[in-house]
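First comes the structure, then the notes that go with it.
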Amino acid sequence: MAAETVFGKIVSGEIPVEIIAETERVIAFPDQSPQAPVHVLVIPKTTEYPDVAELAAGDPSLLAEMVDVAKQVAAQHGDGDFRLLFNNGSGAGQTVFHVHAHVLCGGLEERSLVGS
Ligand code: 5GP
């Protein structure tokens, strides 16, 4: 089980966000510090998985559902093409240890990675 994070508080509703897309197991909401014209975070509602490697090992169908939600977000809020980025581990820039996908659309030509 992952430690309590800000994303757990978003899932529980303690921290309100604009819900961009939602399924029974996944929600998507805007990143508070956007790095592209469309920058949405897709997260599972479960707090069980701190990073994408653990999610892939523990519940690959949930990972696939996150990718499907990312595709829907890109179709509805961008031109359908998107970059999907997971930071896995603090050394890779991960700061919130509740697995999340960055969905980035538009204005990506000059950007290679999310992060500082
Ligand atoms: P990481 O660096 O862990 O891959 O990405 C964490 C992302 O979460 C960052 O892009 C950061 O801007 C975003 N973030 C952190 N706290 C919040 C929050 O409370 N609300 C929203 N909407 N985004 C957050």
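In the condition set (1) in contact (Cβ under 8 Å) with a residue 12 or more places away in the chain; (2) surrounded by fewer than 18 Cβ atoms within 10 Å (Cβ to Cβ); (3) not in a loop (DSSP other than H, G, I, E, B), Asp79 is compliant with all but (3).
One residue alone among Val103, Val96, Val67 is crowded, with 19+ Cβ neighbours inside 10 Å and either at pLDDT 95 or above or assigned to a strand (DSSP E or B) (or both), and that residue is Val103. The condition of being outside any helix (DSSP H, G or I), free of Cβ contacts under 8 Å to residues at least 12 places away in the same chain and not acidic (Asp, Glu) holds for only one of Pro50, Pro16, that being Pro16. Among the residues of this structure, Glu4 does not count as one that is away from the ligand (no atom under 15 Å from the Cβ), surrounded by fewer than 18 Cβ atoms within 10 Å (Cβ to Cβ) and part of a loop (DSSP other than H, G, I, E, B).
The values are calculated or read from the model by the stated rules, or taken from the named source; none is laboratory data. These numbers were taken from a predicted model, which means no experiment stands behind them. Every residue, glycine among them, receives a Cβ derived from its backbone with ideal geometry; neighbour counts consider all protein chains shown.
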